[in-house]
Amino acid sequence: MPLRLTGDEKMFRETKSGLAFVLPAFALLLTFKLWPIGVSIVESLMHTGITGTRTFVGLENYAYLFKADPVFWSSFKITLVYSLIINPLIVLIALGLALLLNTGMKFVKFFRTLYFLPSAISYAVVAVIWGVIFDPYYGLANSFLRFFNLKPQPYFSSPNQALLCIVFLVLWRSVGYWMMFYLAGLQGISEEIYEAASIDGAGRMQKLWRITIPLLKRTTAFILISNTAFNFLTFAPVYILTNGGPQGSTNLLMYESFKSAFVNLDMGRASAISTILLLIIFLISMIELKLTKTSFEY
C-alpha cells in the first residue's frame, strides 16, 4: 500500500523541487551580476597606484567626481540627454509598429520578421554596418543625397550629429525586438472588450486611448524600465564609431568608465562612475515603475 504524505511533507518536497530549479539561476545571478556589483562598489572606495598598490580612500573618488571633474559632468549630461531621447522613441515606435502589424493584412508575418531581424545582429556588427553607410566621403547615405542634389552630411564626424546617429543606430537595432513584446500584449487583450466598446459607439481612437494603451501599461512599464538599463549602458557603438567624440559629444558614462579603467588605469574613478550609473538606473527605474503602475487585471 503506497504511503500517503502529510501536508507538511508534501510542501517540503515541493519546496526542495523548487529550490533545485531556482538555485542554478541564483548561482549564475550571484556570479555574473551581484558579485561584480559588489566588487565594483568596493573598488570605488580604493585608489590603485602606479605600482599596483591599492589604498582605501573612502568616498574620495566620489567627492572628486562631483566637485572637481568636469569631464564626468559633461558625460553625465550627454548620457541623460541620450536617454531622454532614445527611451520615449523606442516605446512610441515599437508601439506604433505593433499596432500596424497586429492586423490580418497580407504579408504581415513577413513584415514582423523583417522588423525583428535587426535585433538578431550584435551591436558591434550593427555599428560597423552603419559606420560604413554613414561614412561622410564614401558612404551610401551621402551617395543618395548627392544623387538628389542634396548637401552631404558629416554624420559621426559632426559634434551636432554624432549623438543623433547613435540614437538612430540603436533605434534601428532594438525597435523590432520591443515591438514583439507589444504584439504579445495586444494579442492578450480580449476581442470582446473591443466588441463591447463598438456597441457603445466608441471609435478607433477612443478604443486606442481608453482600452489599448491602458491595458498595455504593464508591457510599457517592462519595456521602459528594461530600455532605461540597456540604453544607459550603451557602449559598443560609441567604442567602435566615435571613441566618445567628436569633441566629447558622444562620451556616454559607460564609455567614460571604460576609458578611465583601461586607458587612464584609474580603477577607483571607473568603479565610482559605474556605481553612480547603477544608482541612476535604479532610481529612474523606480520612478518609471511608479508612474506606470496599474491597479487592474485583464
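Scanning segment 243-252 for any residue that is assigned to a helix (DSSP H, G or I) and touching a residue at least 12 places away in the same chain (Cβ under 8 Å) turns up nothing.
For segment 116-137, which positions are within 14 Å of residue 156 (Cα to Cα) and in a helix (DSSP H, G or I)? Across segment 116-137, the qualifying residues are 127, 128, 129, 130, 131, 132, 133. For segment 39-72, the set of residues classified as within 20 Å of residue 232 (Cβ to Cβ) and exposed (fewer than 12 other Cβ atoms within 10 Å of the Cβ) consists of 39 only. When segment 194-216 is filtered for residues that are in a helix (DSSP H, G or I), touching a residue at least 40 places away in the same chain (Cβ under 8 Å) and buried (at least 16 other Cβ atoms within 10 Å of the Cβ), the ones remaining, listed by number, are 212, 215. Only residues that are closer than 20 Å to residue 249 by Cβ and of a type in the set (D, E, K, R): list them for segment 64-79, please. Residues satisfying the conditions are 69, 77.
Of the numbered criteria (1) more than 30 Å from residue 265 (Cα to Cα); (2) at pLDDT 80 or above; (3) not in a loop (DSSP other than H, G, I, E, B), the one residue 103 fails is (3).
If you take the residues of segment 1-50 that are at pLDDT 70 or above and not in a helix (DSSP H, G or I), which of them is nearest to residue 257 (Cα to Cα)? So, considering only residues that are at pLDDT 70 or above and not in a helix (DSSP H, G or I), the one nearest to residue 257 (Cα to Cα) is 44. Every test in (1) over 18 Å from residue 275 (Cβ atoms); (2) not in a loop (DSSP other than H, G, I, E, B) is passed by residue 61 save one, and that test is (1). Determine whether residue 174 is among the hydroxyl-bearing types (Ser, Thr, Tyr), crowded, with 21+ Cβ neighbours inside 10 Å, under 22 Å from residue 93 (Cβ atoms) and out of contact with any strand residue (DSSP E or B) (no Cβ under 6 Å at 6 or more places or on another chain). So residue 174 fits the description; yes.
For segment 134-160, taking the residues that are farther than 17 Å from residue 238 by Cβ and hydrophobic (A, V, I, L, M, F, W, C), the one that is surrounded by the fewest Cβ atoms within 10 Å (Cβ to Cβ) is identified as 148.
Of all residues in segment 85-112, those being surrounded by fewer than 11 Cβ atoms within 10 Å (Cβ to Cβ) and either of a type outside the set (D, E, K, R) or on the phi > 0 side of the Ramachandran plot (or both) number 5.
The values are calculated or read from the model by the stated rules, or taken from the named source; none is laboratory data. Everything numeric here is computed off the predicted structure, so don't read it as measured data. Counting neighbours? That spans all protein chains shown, and the Cβs are built from the backbone with ideal geometry, glycine included.
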